[in-house]
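The values are calculated or read from the model by the stated rules, or taken from the named source; none is laboratory data. Note that the structure is a prediction, hence the values are computed from the model and not measured. Cβ atoms come from the backbone with ideal geometry, glycine included; neighbour counts cover every protein chain shown.
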Amino acid sequence: MRVIEVKANKRQLFHHWMEVTFPLHKLGKKEQSVFAELLFYRDALKEKVNDEVLLNKLIFDHEVKVKIMNTLDITQNRLALALTKLRKQGAIMNRTINKSYLPDINNNKAVMAYKFSIIDDVGSKEEVKKEV
């Protein structure tokens, strides 16, 4: 298996995570950024809060939303729109982050492996352009 190490702080990790998992979630750039920030704050809070119900409540607290708006330089309306899209996409369900979107972080490392199943050979350059 080929492994490429990317050095990043926690916030960068979650933004990179959203970029590399794009083929799985297909979220727009703004939604990816908002969700990455939610993941960042969830990770920071989970070190202090053991109760999952309280953790989920705190993630969607007004104070966290304000921090996200300031970090991403977006309006309250833009944040609300992104959160709505995240709900429709299934990334947020019942004011809870869908755990299938969470990276598995152990010992300050998050590892992801892709397994590609090749289903057909590409026959022309036109087909490649459509997929890229």
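What number goes with the only condition from (1) surrounded by fewer than 17 Cβ atoms within 10 Å (Cβ to Cβ); (2) out of contact with any Asp or Glu (no Cβ under 7 Å at 6 or more places or on another chain); (3) not hydroxyl-bearing (Ser, Thr, Tyr) that LEU72 does not pass?
With (1) surrounded by fewer than 17 Cβ atoms within 10 Å (Cβ to Cβ); (2) out of contact with any Asp or Glu (no Cβ under 7 Å at 6 or more places or on another chain); (3) not hydroxyl-bearing (Ser, Thr, Tyr) applied to LEU72, the lone miss is (2).
Select from region 15-37 the residues that are aliphatic (A, V, I, L, M) and touching a residue at least 40 places away in the same chain (Cβ under 8 Å) and list them in ascending order.
So in region 15-37, the residues aliphatic (A, V, I, L, M) come out as 18, 20, 24, 27, 34, 36.
The answer is VAL20, LEU27, VAL34.
Looking at LYS109, LYS48, LYS88, which is the one that is loosely packed, with under 11 Cβ neighbours inside 10 Å, over 13 Å from the mean Cα position of the chain (by Cα) and within 19 Å of ALA8 (Cα to Cα)?
LYS109
Which of the numbered conditions does LEU81 fail, given that it passes all the others? Conditions: (1) touching a strand residue (DSSP E or B) at 6+ places or on another chain (Cβ under 9 Å); (2) over 17 Å from ALA110 (Cα atoms).
In the conditions (1) touching a strand residue (DSSP E or B) at 6+ places or on another chain (Cβ under 9 Å); (2) over 17 Å from ALA110 (Cα atoms), LEU81 misses (1) alone.
For region 60-107, enumerate the residues that are of a type in the set (S, T, N, Q), closer than 26 Å to LYS7 by Cα and in a helix (DSSP H, G or I).
Matches in region 60-107: ASN70, THR71, SER100.
Would you check which residues across region 30-59 are of a type in the set (A, V, I, L, M, F, W, C) and not in a helix (DSSP H, G or I) and list them? First the steps, then the outcome.
Step one: list which residues in region 30-59 are of a type in the set (A, V, I, L, M, F, W, C), which gives 34-36, 38-40, 44-45, 49, 53-55, 58-59.
Matches in region 30-59: VAL49 only.
Could you list, in sequence order, the residues of region 19-38 that are surrounded by 21 or more Cβ atoms within 10 Å (Cβ to Cβ) and modelled with pLDDT under 95?
Residue satisfying the conditions is LEU27 alone.
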